[in-house]
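Encoded as structure tokens, the structure appears first; notes follow it.
The values are calculated or read from the model by the stated rules, or taken from the named source; none is laboratory data. Keep in mind the model is a prediction, meaning the values are calculated, not measured. Ideal geometry is used to build each Cβ from the backbone, glycine not excepted, and the neighbour counts take in all protein chains shown. Accessible surface areas use protein heavy atoms only, side chains included; no ligands, DNA or RNA. Shrake-Rupley method; radii C 1.70, N 1.55, O 1.52, S 1.80 Å.
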2 protein chains.
Amino acid sequence: MAATIFDVAKHAGVSIGTVSRVLNNKDRVSPATRERVLKAVRELDYHANAFARGLASQESNTLGLVIPQVNDPFFFQIVRGVEDAATDEGYSLLIASQPRPAREHRYLDLFRRGNVDAMVLVAIDVYIHEIQQIAARGVPIVLAQQDVGKNIPAFLADNYSGSRAMTEHLLGHGYRRLAYIAGTNYTPDSRERLRAMQDVLAEHGLSMGPEYIVPGDYLQDSGYRAMLELLQRPVLPEAVFAANDQMAIDAIRAIQESGLRVPEDIAVVGFDDIPMSSYVSPALTTIQQPVYEMGWHAAKRAIAMIGPEENVEERTLASPRVMLLPASLVVRKSCGC
Amino acid sequence: MAATIFDVAKHAGVSIGTVSRVLNNKDRVSPATRERVLKAVRELDYHANAFARGLASQESNTLGLVIPQVNDPFFFQIVRGVEDAATDEGYSLLIASQPRPAREHRYLDLFRRGNVDAMVLVAIDVYIHEIQQIAARGVPIVLAQQDVGKNIPAFLADNYSGSRAMTEHLLGHGYRRLAYIAGTNYTPDSRERLRAMQDVLAEHGLSMGPEYIVPGDYLQDSGYRAMLELLQRPVLPEAVFAANDQMAIDAIRAIQESGLRVPEDIAVVGFDDIPMSSYVSPALTTIQQPVYEMGWHAAKRAIAMIGPEENVEERTLASPRVMLLPASLVVRKSCGC
DNA sequence: GCACATTTTGGAGGCGCTTGCTAGAATAAA
DNA sequence: TTTATTCTAGCAAGCGCCTCCAAAATGTGC
């Protein structure tokens, strides 16, 4: 049986109240007693029981993290950022993958029981009312890589600026006929990226016909299929901008298999900067998102929002609700550089 | 304030003991009362407080997972396996990355406080005595991708068989002069893989000179450097077996940059089957490890070992201590197929 | 050395739940 | 019907810690 606070108190010749106080350095305790208690703690190898502490203090010192059930290095990076920030603040991490249909909202149950003091939701499909239901219980929520509005803080990559930079880079190469392979239709990310592209084109007196905007779904095959479709056009595009790297890489494959060269015949660029992008041939020019930082900031923010239930809302609104993290151009070979 | 068991009891007109019993379906409760209680639970949207439950029952229903602080898809897969298994058993997951120097043994503290009922340690460097210290507190420990002996169950990939299969495959191609790019020297993985290779060669009356065994460290540059070294040999190897895919991919790059072709001039194969391996050119022939399964089995085993402190040891030894999961050959292009 | 302000410490109540014990209800056996 | 046996459900004692309140110790100014 592990030592309890009672054992420590007895061993140090003080009351449990005093032990508790030095452990949580709340009220003042005289240096002499403090040292006696600390010594006892060391000698007994005492570690406060997290349940008792949680029950008594109504705080778990734990951060909940929900991520999609997807095998993507992208998310791993976010987790690392969140974990570092949480550790930094003395918080533990409780992780749940997005529910498969069979266990829907499992994480909700989990976190709803008062297990976590705050939570970070990464790019997952949740309904606003679910989030608000949790927030209503006084558990701060922060979103990453996703935004639902409604006073829920969100950390996003600056898709618009990133996409603008990329488009300008392509125009700088002299390309005029651009094409876009979109991500899943309804995601704001993909829409933002397209909007930036069209804005830049317009500013240069150019435009992109609808036949050069083909749908994809961010996954492997869709990039390949989309590119095949673009290759059917009577006039081929000079450069293709894919909404993510995965699709860009598959588009390159489609182009190469059709006997054309990248970037000589058609330039291809992506978005995300996944590890693979520097390994494909030609190496992919893309946009790097500050994924780790996104997780880090989201976690810090979530923890900062922890506090008395009464003024959650107030604290929520104290800082900007949406934070756009810079997305930067990574120039490699596939753009023609 | 969330509803407590007391609220439910009052609402259902029973005692809290009864509510607890229907919630944990331990002792028998008459169907009528059970239904009344369940109804109250639903109406009040009651969720048992995990701390109170943990404190009273001395169980956390949580599985601890420690993984290296490495950004590797490999570990992500393991986490998924562990998570699925844990969820399956009604357990939550508390995750800790391997401590950076500054926060050494942080996870130990974390888990030692009685936060977790069992733990899975993945490929991390811990000292045996630390593990035993935890085990001594009655917390079952299972290792994955690592083995320290001493009665601690371990789940490993069958490196020996996998490497044998690969070596035989290479010999089947007619290659006779093989080379090996080793992983970090002291890891048993790398040693096992090399041993299998040498055994197969010996069985065919062949051998590999020490000048064809070069050290690497599993990371990017080392594969490149190692290959450069191999390219200095007066007689070049016909096939190179790298201890992991990352190094194999970099070896390919080194070969190609030196003006030679893969696999025509030198064949290259790896171990792990990371996602990138099917994308490089030529696509990499490699060995696939059942990573997800490893996590899954390790978690299941750890949970199965939970129980009264007295007979932890007994339960530990009830099943085989070391489990080797099959590693299978994935044939692509880089071997010459 | 005294009265009073201030700092430090002890102690008890309570956080929400599990569980062994027991009384009462229901059923079976006599 | 009475007695013995099984079910069912209430009660209360914790689980280990935090925190408020009051008591004790220490310090201050006169």
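Overview of results
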{"read-out": "Flag for A:Val120 being buried (at least 24 other Cβ atoms within 10 Å of the Cβ), within 14 Å of chain B (Cβ to nearest Cβ) and modelled with pLDDT of 85 or more", "value": "yes"}
{"read-out": "Count - residues of the stretch B:1-10 that are without any contact (Cβ under 8 Å) to a residue 40 or more places away in the chain and either touching a Phe, Trp or Tyr at 6+ places or on another chain (Cβ under 8 Å) or not in a helix (DSSP H, G or I) (or both)", "value": "3"}
{"read-out": "Residue in the stretch A:1-10 that is farthest from the other protein chains (Cβ to nearest Cβ), counting only those that are open to solvent by 40 Å² or more (accessible area, probe 1.4 Å) and within 13 Å of DNA strand C (Cβ to nearest atom)", "value": "A:Lys10"}
{"read-out": "Whichever residue in the stretch A:50-59 is within 9 Å of chain B (Cβ to nearest Cβ) and touching a Lys or Arg at 6+ places or on another chain (Cβ under 9 Å) and, among such residues, is most open to solvent (accessible area, probe 1.4 Å)", "value": "A:Arg53"}
{"read-out": "Cross-chain or 6+ apart pairs with Cβ under 6 Å, the stretch B:138-162 first and touching a residue at least 24 places away in the same chain (Cβ under 8 Å) and among the small types (Gly, Ala, Ser), then part of a loop (DSSP other than H, G, I, E, B) and open to solvent by less than 30 Å² (accessible area, probe 1.4 Å)", "value": "B:Ala157/B:Gln289; B:Ala157/B:Ala327; B:Gly162/B:Ala327"}
{"read-out": "Residue list for the stretch A:246-268, filter: modelled with pLDDT of 90 or more and under 22 Å from the mean Cα position of the chain (by Cα)", "value": "A:Met247, A:Ala248"}
{"read-out": "Tabulated pairs, the stretch A:11-22, first away from chain B (no Cβ under 14 Å), second in a helix (DSSP H, G or I) and near DNA strand C (Cβ under 6 Å from one of its atoms), C-beta under 7 angstrom, 6+ apart or interchain", "value": "A:Val14/A:Thr33; A:Thr18/A:Thr33"}
{"read-out": "Members of the stretch A:214-225 found to be under 27 Å from the mean Cα position of the chain (by Cα) and outside any loop (DSSP other than H, G, I, E, B), listed by number", "value": "A:Val214, A:Gln220, A:Asp221, A:Ser222, A:Gly223, A:Tyr224"}
{"read-out": "Residues of the stretch B:15-49 satisfying the condition of being out of contact with any Lys or Arg (no Cβ under 7 Å at 6 or more places or on another chain) and in a loop (DSSP other than H, G, I, E, B)", "value": "B:Ser15, B:Asn24, B:Asn25, B:Lys26, B:Arg28, B:Ser30, B:Asp45, B:Tyr46"}
{"read-out": "Hits in the stretch A:176-203 - residues which are closer than 25 Å to A:Ala157 by Cα and part of a loop (DSSP other than H, G, I, E, B)", "value": "A:Ala182, A:Gly183, A:Thr184, A:Asn185, A:Tyr186, A:Thr187"}
{"read-out": "Answer from A:Leu93, A:Leu63 - the residue that is in contact with a strand residue (DSSP E or B) (Cβ under 6 Å, 6 or more places away or on another chain), in contact (Cβ under 8 Å) with a residue 60 or more places away in the chain and over 30 Å from A:Met247 (Cβ atoms)", "value": "A:Leu63"}
{"read-out": "Unique match (being in the same structural domain as B:Glu211 (by TED's automatic domain parsing), at pLDDT 95 or above and among the small types (Gly, Ala, Ser)) among B:Ala239, B:Ala243", "value": "B:Ala239"}
{"read-out": "Matching residues in the stretch B:62-114 - criterion: being part of a helix (DSSP H, G or I), at pLDDT 75 or above and at the interface with chain A (Cβ under 7 Å from one of its Cβ atoms)", "value": "B:Phe76, B:Gln77, B:Arg80, B:Glu83, B:Thr87"}
{"read-out": "In the stretch A:35-45, the residues that are touching a helix residue (DSSP H, G or I) at 6+ places or on another chain (Cβ under 8 Å) and either surrounded by fewer than 17 Cβ atoms within 10 Å (Cβ to Cβ) or in the same structural domain as A:Asn244 (by TED's automatic domain parsing) (or both)", "value": "A:Leu38, A:Lys39, A:Glu43, A:Leu44"}
{"read-out": "Matching residues, the stretch A:28-57, being more than 9 Å from DNA strand D (Cβ to nearest atom) and either of a type in the set (S, T, N, Q) or touching a residue at least 60 places away in the same chain (Cβ under 8 Å) (or both)", "value": "A:Thr33"}
{"read-out": "Some residue of the stretch A:143-162 being within 14 Å of chain B (Cβ to nearest Cβ) and under 30 Å from A:Glu59 (Cα atoms)", "value": "no"}
{"read-out": "Filtered residue count, the stretch B:24-40, keeping only those that are under 30 Å from A:Glu130 (Cα atoms) and more than 10 Å from DNA strand C (Cβ to nearest atom)", "value": "8"}
{"read-out": "Per-region count, the stretch A:232-274, residues part of a loop (DSSP other than H, G, I, E, B), open to solvent by 40 Å² or more (accessible area, probe 1.4 Å) and not charged (D, E, K, R)", "value": "7"}
